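All of the numbers you see were taken from the coordinates with simple rules; none came from a lab. Note that this is a predicted model, so its numbers are computed, not measured. As a convention, Cβ positions derive from the backbone with ideal geometry for all residues, glycine included, and neighbour counts pool all protein chains shown.
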Amino acid sequence: MNILVINSGSSSIKYKLFNMPSRALLKKGVIEHIGEKGSKIKNHHLGLRLILKGVNSVDAVGHRVVHGEENFTKPVLINAKVIREIKRSCAIAPLHNPANLTGIMACKELLPGVRQAAIFDTAFHQSIPQQAYLYGLPYELYTKFGIRKYGFHGTSHEYVAFEAARILKRPIRKLKLITCHLGNGCSMAAIDKGKSVDTSMGFTPLEGLVMGTRCGDIDPALVTYIMDRKKMGLKEVDYLLNQESGLRGISGISNDMRVLEERSRQGDRRAKLAIEVFVYRIRKYIGAYLSVLSGCDALIFTAGIGENQKGVRARITKDIFKHLNNKPKIMIIATDEELMIAEKTYRLVKSGKIS
Ligand code: ADP
């Protein structure tokens, strides 16, 4: 069965075509600059048409969908009801869900009759207990507007956790794991018996670790303070926190950790500082999750920085488990969110389950 995995963003569509169950990757690519000024690809429909021209046969499609709120705790086959729910979640995820939906609608038109599945970034974290997902805010904000921690990168955390169990040759139900997805976006998860019990991102992907361009945890009073001091509007402050902060903001150089390591080696003080703040925040979360899990069998690193940057990993792990009798294994596992989406889609289509 050939499964096309689609990750549809606001101006790009990334895709991979897998043969399942062999897991063979048949094709992959990305269409960029969709709808941008001067681009020949005016919309997602045209982008997808281009992708389909290059692939032979598609038996099912798996879509990455960023936000499923509390409606989706697992992947589902897409029907009219699912589309309505994803549309409803656009209010909570205005940057991501509309783009994901555009990919779904384009596939529906261009591949009539081909089954499509939605795999949600938030679903894996739906097992987080209430004391961990509620904020210290008026309870009505949760009941009326769904304001709570959701968490993201769920597909990646789940994938590396199950891979770790496979590599360790131990059943996942016996493992306590801390997973660190360190890419441009960064998040961590505490995973007990294969279930997420806490994660660093929140209502949006802005909470938690210091990231490439996102600030992560800050004093919430700073938002209005910055708006006042810098005479900023809502959009501007949102841009500052999401695009001008994190590694880029502290270093004043780049959001790319490779560049920062290089500049730090050359003696750049701010590049060094950005790395130190980045590392410190992760160490703090590791401490928190050790306590949440009452121990840990393995600390797992994944994504661009986690997989490739030995120096950063060494700073994070230096003496961190010195005080523990049972020291967690430190593992590096390459994430493959698309393969995970293909597997989930395959299982759903085979079982023929409708949501
Ligand atoms: P994204 O969140 O955009 O998928 P990645 O997982 O590709 O991000 O991670 C990007 C970060 O990883 C950057 O800070 C980059 O410097 C760092 N990095 C280090 N080595 C590599 C590598 N070989 N490939 C990609 N990113 C790398």
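Applying 1/(1 + (r/R0)^6) with R0 = 30 Å to the Cβ-Cβ distance of Lys193 and Arg258 gives a FRET efficiency near 0.25. Taking a ≥ b ≥ c as the square roots of the Cα gyration tensor eigenvalues, with a/c under 1.5 meaning rounded and otherwise prolate when a/b beats b/c, else oblate, which class fits the stretch 213-355? Oblate.
In straight Cα distance, which lysines are under 21 Å from Lys310, not counting same-chain residues fewer than 8 positions off? Here the lysines satisfying the reach criterion relative to Lys310 are Lys272, Lys284, Lys318, Lys322, Lys327, Lys329.
In the chain, helices alone account for a calculated mean residue ellipticity at 222 nm of -12500 deg cm²/dmol, with every DSSP H run of four or more residues adding -39,500 (n - 2.57). Rounded, prolate or oblate: which fits the stretch 81-231 when a ≥ b ≥ c are the square roots of the eigenvalues of the alpha-carbon gyration tensor, with rounded for a/c under 1.5 and prolate only if a/b beats b/c? Here the stretch 81-231 falls in the oblate category. Taken about its Cα centre, the chain carries a charge dipole of roughly 700 debye when the Cβ of each Lys and Arg holds +1 and the Cβ of each Asp and Glu holds -1.
With a cut-off of 11 Å between beta carbons, the residues surrounding Ala298 carry a summed charge of +2, where Lys and Arg count +1 and Asp and Glu -1.
Under a Cβ-Cβ cut-off of 12 Å, what is the net charge of the residues other than Gly62 that fall near it, where Lys and Arg count +1 and Asp and Glu count -1?
Details: positive: Lys16, Arg64, Arg115, Lys344, Arg347; negative: Asp59, Glu337, Glu338, Glu343.
Around Gly62, the surrounding residues sum to +1.
The GNM of the chain, with springs linking C-alpha atoms under 10 angstrom apart, assigns the highest mean-square fluctuation among Pro138, Pro328, Pro21 to Pro138.
Qualifying trypsin sites (Lys or Arg not before Pro) in the stretch 217-289, where qualification requires a DSSP coil assignment and no more than 15 other C-beta atoms within 10 Å, comprise Lys230, Lys231.
Restricting the stretch 304-348 to trypsin sites (Lys or Arg not before Pro) that sit in a DSSP loop and have at most 11 other Cβ atoms within 10 Å of their own Cβ leaves Lys318, Lys322. The stretch between Lys329 and Met1, if pulled fully straight at 0.36 nm per residue, gains 114.4 nm over its current Cα-Cα span.
State whether the stretch 1-126 is rounded, prolate or oblate according to the following rule on the C-alpha gyration tensor (a ≥ b ≥ c being the square roots of its eigenvalues): a/c under 1.5 gives rounded; otherwise a/b larger than b/c gives prolate, and the remaining case gives oblate. Display every interim value, and only then the final one.
Numbers: a/c = 1.76, a/b = 1.13, b/c = 1.55.
Oblate, because a/c is 1.5 or more while a/b does not exceed b/c.
Residue-normalised convex hull volume from the C-alpha trace of the chain: 158 Å³ per residue.
Annotation: for a label point projected 7 angstrom from Cα along Cα→Cβ of Ser291, residues of the stretch 116-141 with backbone N closer than 20 Å are 128-137. Spin-label point model (7 Å from Cα, Cβ direction): what's the Phe321 to Ser10 distance in nm? For the pair Phe321/Ser10, the computed spacing is 4.1 nm. Label-to-label distance for Glu109 and Leu26 is 2.4 nm, based on points extended 7 Å past Cα in the beta-carbon direction. At 27 angstrom or more along the helix axis (alpha-carbon based) and mean Kyte-Doolittle of 0.0 or higher, what helices does the chain contain? Whole DSSP H runs only. Both cut-offs are met by 269-293.
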